[in-house]
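Visitor: I am attaching a structure below and will ask some questions about it afterwards.
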Amino acid sequence: WAACRRGRRAEPALVVLDGALVLLVTLMNALMVFARFPGEVPGLSYARAMLLVTFGLVFRAIVVPSTARRTLLLGLGASVFPVGASCVWHLRETGPAVMPGVWTALWCGVAVAIATLASRSIFGLRQQVREAWQLGQYTLLEKIGEGGMGTVYRASHAMLRRPTAVKLLPPGDSGAERLQRSEREVQLTSRLTHPNTVAIFDYGRTPDG
């Protein structure tokens, strides 16, 4: 979040940052299995560490836009840390045992499955919202005004990456006369060259008219 607040980052950099943080945070959470406080019930540190691992993976799936496949692969890779830490912890506390590692693997498997399902659902919804706000080469960002002649949105051109205002006629109010009037307005305004007037880049009709 802090890195992205300083400006736009290239997608490869975000992918590396996401993966590195997931692995680092999961490792730190897994190491909590060894953080036993004075007077604490034996085994509580293990449960706490597993809960932290679970919360971390699920929280990341909810907050970070990610495909289900990427979440699954990252989760499986990160699960190596809690499984390894739990085996070492059980070896120190109870002696050699295979089942603790199996139970930890099952626990992490359930956490990864939940995170993967969350990513699949949330990422799919985000894609639908993005497509709904995509108008040709323009991505609508937010509504900035509305009047008798239409609604104005702050937008960005997909290729030119420049800020743009997109004006749309209201749905159900785009009859032939209204469209002609709007096109005539665009054509006349585009002839203006005064610095206090807007510059018109484009106009046209959406698939639904």
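The values are calculated or read from the model by the stated rules, or taken from the named source; none is laboratory data. Just so we're clear, the structure is a prediction, and the values are computed from it rather than from any experiment. Keep in mind that these areas ignore ligands, DNA and RNA; they rest on the heavy atoms of the full protein, side chains included. Shrake-Rupley method; radii C 1.70, N 1.55, O 1.52, S 1.80 Å.
Visitor: Return the carbon/sulfur percentage of the accessible area of the chain, one whole number, probe 1.4 Å, all protein chains in place.
Guide: That fraction is 65 percent.
Visitor: Continuing with the same structure: Mind jotting down a quarter of the surface of the convex hull over the alpha carbons of the stretch 17-152, in square nanometres, one decimal? Intermediate values should be presented prior to the final figure.
Guide: Working: hull surface 46.9 nm².
If I average the Cα hull's projected area over directions, I get 11.7 nm².
Visitor: Give me the 1.4 Å probe accessible area per residue for the chain, excluding ligands and nucleic acids, in Å².
Guide: Averaged over the residues of the chain, the accessible area is 68 Å².
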